[in-house]
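Read the structure below first, then the notes.
The values are calculated or read from the model by the stated rules, or taken from the named source; none is laboratory data. Here the structure is a predicted model, which is why all the values come from computation and not from measurement. Please note: Cβ atoms are built from the backbone with ideal geometry, for glycine as well, and neighbour counts cover all protein chains shown.
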Amino acid sequence: MKKYLLLLAATLSLVSAGVFAHGPVRGKLTATIQIDAPAAKVWDVIKNYDDLSWLPAVASVKGDGGNVKGSVRVLSLANGGTITEELKAYDEAKYAYKYKITDISHNGTIKHAGQDEPLPVFPVGNYAAEIQVTDKGGKAEVEWVATYYRAYVNNNPPAELNEEAADKAVNEVLTKGLLNLAKKAGAGHSEVRVDIKR
């Protein structure tokens, strides 16, 4: 009986530890805006993979292949640092393309759990996204969907590298990007709708 109780206590301890400590959880953020301009006009602003002049967070882009699958672009950020992205799919007919981050630079380290942890300029891991422009009765609807994990892969992440930090960073980039896209298209627009799922 005593052995049974000890075994039961050990099992409950492991189960409760699993409930409160977990690794990264995949996030999916969908940002959508309706722009009072034809879809083709809005697509013209974003269709060149090597041109991110419409995205406020990016100061400049160096690309190696244009709108061809496998092309790589290196983003120099306005606040410093770089992000490297690979084009995974491009569909001119559907006004859409998909890309994935392959490298993120760091802007220092933070102390966490007695160790120096690198602090990426964009606090995400395994980030992939798709942007698409669709005609909605003569207006353009732009949907930008990003999937990602937090930057810290172990349990108990620091605040700078947890799910909330990842959600906030992705939300800011996508929301500001879509608002500036409407401005570049020279048209009125709806509010940006954001949906986050985990």
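Contact map, region 78-94: residues that are more than 22 Å from N126 (Cβ to Cβ) paired with residues that are at pLDDT below 95 and surrounded by fewer than 17 Cβ atoms within 10 Å (Cβ to Cβ), Cβ distance under 8 Å, separation 6+ or inter-chain. Pairs shown: G80/N107. Listed by position, the strands (runs of 3 or more DSSP E) enclosed by region 110-163 that each have at least 1 residues that are hydrophobic (A, V, I, L, M, F, W, C) and within 15 Å of the chain's Cα centre (by Cα) are 124-136, 139-150.
Taking the criterion of being without any contact (Cβ under 8 Å) to a residue 60 or more places away in the chain and more than 27 Å from L87 (Cα to Cα), would at least one residue in region 178-198 satisfy it?
Just the residues of region 178-198 that are without any contact (Cβ under 8 Å) to a residue 60 or more places away in the chain, to begin with: 183.
Okay, now just the ones that are also more than 27 Å from L87 (Cα to Cα), so none.
No, region 178-198 has no match at all.
Put simply, of V142, V153, V192 the only residue that is at pLDDT below 95 and among the hydrophobic types (A, V, I, L, M, F, W, C) is V153.
Taking L174 as the residue in question, decide whether it is over 15 Å from the mean Cα position of the chain (by Cα) and either part of a strand (DSSP E or B) or within 23 Å of S53 (Cβ to Cβ) (or both). Talk me through it step by step, then tell me what you get.
Working: over 15 Å from the mean Cα position of the chain (by Cα): no; either part of a strand (DSSP E or B) or within 23 Å of S53 (Cβ to Cβ) (or both): yes.
Spelling it out, it is not the case that L174 is over 15 Å from the mean Cα position of the chain (by Cα) and either part of a strand (DSSP E or B) or within 23 Å of S53 (Cβ to Cβ) (or both).
Given the structure, is V142 of a type outside the set (K, R), crowded, with 21+ Cβ neighbours inside 10 Å and closer than 11 Å to I33 by Cβ? In short, yes.
Filtered by the rule that a residue be of a type in the set (G, A, S), under 30 Å from K136 (Cβ atoms) and surrounded by 15 or more Cβ atoms within 10 Å (Cβ to Cβ), region 77-104 gives a lone residue, A96. Scanning region 156-198 for residues that are touching a helix residue (DSSP H, G or I) at 6+ places or on another chain (Cβ under 9 Å), closer than 25 Å to G23 by Cβ and of a type outside the set (V, I, T) yields P157, P158, A159, A165, R198. Going through (1) closer than 20 Å to S60 by Cβ; (2) crowded, with 20+ Cβ neighbours inside 10 Å; (3) of a type in the set (A, V, I, L, M) one by one, V74 falls short only on (2). Evaluation of A182 against the conditions (1) closer than 21 Å to V45 by Cβ; (2) under 13 Å from the mean Cα position of the chain (by Cα); (3) of a type in the set (A, V, I, L, M) shows that the sole unmet condition is (2).
Checked against the criterion of being of a type in the set (K, R), under 30 Å from W43 (Cβ atoms) and out of contact with any strand residue (DSSP E or B) (no Cβ under 8 Å at 6 or more places or on another chain), the candidates K139, K168 yield just one match: K168.
Using the structure shown, decide if D91 is within 22 Å of K183 (Cα to Cα), more than 18 Å from the chain's Cα centre (by Cα) and of a type in the set (D, E). It would help to see each step written out before you state the result.
On the way: within 22 Å of K183 (Cα to Cα): no; more than 18 Å from the chain's Cα centre (by Cα): yes; of a type in the set (D, E): yes.
No, not satisfied.
Do you know which of the residues in region 105-131 that are among the aliphatic types (A, V, I, L, M) and buried (at least 19 other Cβ atoms within 10 Å of the Cβ) is farthest from A169 (Cα to Cα)? Step through it out loud before you land on a result.
In the first step, residues of region 105-131 are kept if they are among the aliphatic types (A, V, I, L, M); the result is 110, 113, 119, 121, 124, 128-129, 131.
Applying the additional criterion that residues be buried (at least 19 other Cβ atoms within 10 Å of the Cβ) yields 124, 129, 131.
Details: V124: 8, A129: 14, I131: 17 Å.
Step by step, filter region 105-131, then rank; the result is I131.
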